[in-house]
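Report on the structure given below.
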Amino acid sequence: MAAASTGNNGTLLVLMAAAMVAGWFVNAVQPPPPTPCGTEGGPPVTAERVRMRDGRFLAYVESGVSREAARFKVVYSHGFSGGRMDSPRASQALLEELGVYMVAFDRAGYGESDPDPRRSLRSAALDIQDLADALHLGPKFHLICSSLGCHAAWASFKYIPHRLAGAAMMAPVINYRWPGLPRGLARQLYRRQPVGDQWSLRVAYYAPWLLHWWMNQTWLPTSTVIDGSGSFPNALDEKNRLMALSSGMFHKKARLATQQGVQESFYRDMAVMFGRWPEFEPVDLEEPPFPVHLFQGDEDGVVPVQLQRHICRRLGWISYHELAGVGHFLSAVPGLGDRIVSTLLPPPA
């Protein structure tokens, strides 16, 4: 009897210890609550903002000609770690010549746009539609998206194609686990990434709830994109990376992007883009009733050009523009912003 009692006590102690460890882990991986702009303890609201369908606010900035005088109205969706001050960098002269009104916005959780705890591909498209409606852009508008922000373009082709007059994607980021990609090639290119980036994408896909905790562990392999430590094969991209780090601009921009919480901006971005796409993937999309252009550098160190070519070949209806000697950050290439905008928008008769 004594031996049985001792064994039971030992089992109970093990179970109690396991429960304590499990409780500690659950608390450890829980991200801190967001600090929305305009709330107590949160950053101030300095930008123009409009209300969304669910009561959230999106911050935006306008450029080009006035809405009233515009021939074309364009919505711009920024990339990872970006914000409303980003743009294709088309010249003011071209925007005036073509009659372009452009609005760029902080995507949900970035900058001064309210976080969306239910962020998804569908919500990315509906945010664009709500922004256009709040600003009275009319029944149709054009869309330009950059890098990781292009998931909003794919989603818009799926969920709001009736609202678009045309679209341009600038080096759209891909998800290596899209079933429509050639598995052998995708696996080979995935393994060429730094180990930290491989693990970051793996966690985003299999355990997105773990991202905040994972990225804060110095002993684990984490994203080189987030800390700026990954080098680029393209000379201009690498020059700009080193300059942004040495000047402090890289970290300043990251602080602005994540001021309401890194979980609500960077990590939700990663979970949506690199997680599961349950409803569709790009190669499933039907041809939309408007032109779509995709611009891709052949020296892109973020998006493998081989996979971009495959997607465009599979779809057939995308006008693919491959740029020789160009890297990932297309808006940094002199004159390319004008080319992208003038390709998307026809000149006046």
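The values are calculated or read from the model by the stated rules, or taken from the named source; none is laboratory data. The structure displayed is predicted, hence computed values, not measured ones. Here the Cβ positions follow ideal geometry from the backbone for every residue, glycine too, while neighbour counts run over all protein chains shown. What goes into the accessible areas is simple: the full protein's heavy atoms, side chains included, and nothing from ligands, DNA or RNA. Shrake-Rupley method; radii C 1.70, N 1.55, O 1.52, S 1.80 Å.
Of L164, L220, L256, L245, all but one fail to be aliphatic (A, V, I, L, M) and surrounded by 20 or more Cβ atoms within 10 Å (Cβ to Cβ); the exception is L164.
Would you be able to say whether some residue in region 307-327 is among the small types (G, A, S) and crowded, with 21+ Cβ neighbours inside 10 Å? Yes - at least one qualifying residue is present in region 307-327.
Looking across region 152-180, the residues that are in contact with a Leu (Cβ under 6 Å, 6 or more places away or on another chain) and within 14 Å of Q306 (Cα to Cα) come down to A171, V173, I174.
Considering E238, E264, the condition of being of a type in the set (D, E), closer than 25 Å to S123 by Cα and assigned to a helix (DSSP H, G or I) is satisfied by E264 alone.
Among the residues of region 124-145, the ones that are open to solvent by 10 Å² or more (accessible area, probe 1.4 Å), of a type outside the set (D, E) and over 17 Å from S63 (Cα atoms) come to 6 in all.
Exactly one residue among G64, G79, G55 is surrounded by 22 or more Cβ atoms within 10 Å (Cβ to Cβ) and under 23 Å from the mean Cα position of the chain (by Cα), and that residue is G79. Entry remark, region 335-349: residues being assigned to a loop (DSSP other than H, G, I, E, B), within 17 Å of K73 (Cβ to Cβ) and at pLDDT 95 or above number 1 in total.
Against the list (1) on the phi < 0 side of the Ramachandran plot; (2) within 18 Å of the chain's Cα centre (by Cα), the condition E299 fails is (2).
Among the residues of region 148-168, write down those that are hydrophobic (A, V, I, L, M, F, W, C) and in a strand (DSSP E or B). Passing the criteria: L164, A165, A167, A168.
So which of P334, P289 ends up being in contact with a helix residue (DSSP H, G or I) (Cβ under 7 Å, 6 or more places away or on another chain) and surrounded by fewer than 14 Cβ atoms within 10 Å (Cβ to Cβ)? Unique residue meeting the criteria: P289. Determine, yes or no, whether L211 is open to solvent by 10 Å² or more (accessible area, probe 1.4 Å) and either assigned to a loop (DSSP other than H, G, I, E, B) or within 29 Å of S113 (Cα to Cα) (or both). No: the conditions fail for L211. Of the residues making up region 239-260, those that are out of contact with any helix residue (DSSP H, G or I) (no Cβ under 9 Å at 6 or more places or on another chain) and touching a residue at least 60 places away in the same chain (Cβ under 8 Å) are L256, Q260. Listed conditions (1) touching a residue at least 60 places away in the same chain (Cβ under 8 Å); (2) touching a helix residue (DSSP H, G or I) at 6+ places or on another chain (Cβ under 9 Å); (3) in a loop (DSSP other than H, G, I, E, B) are all met by S229, apart from (1).
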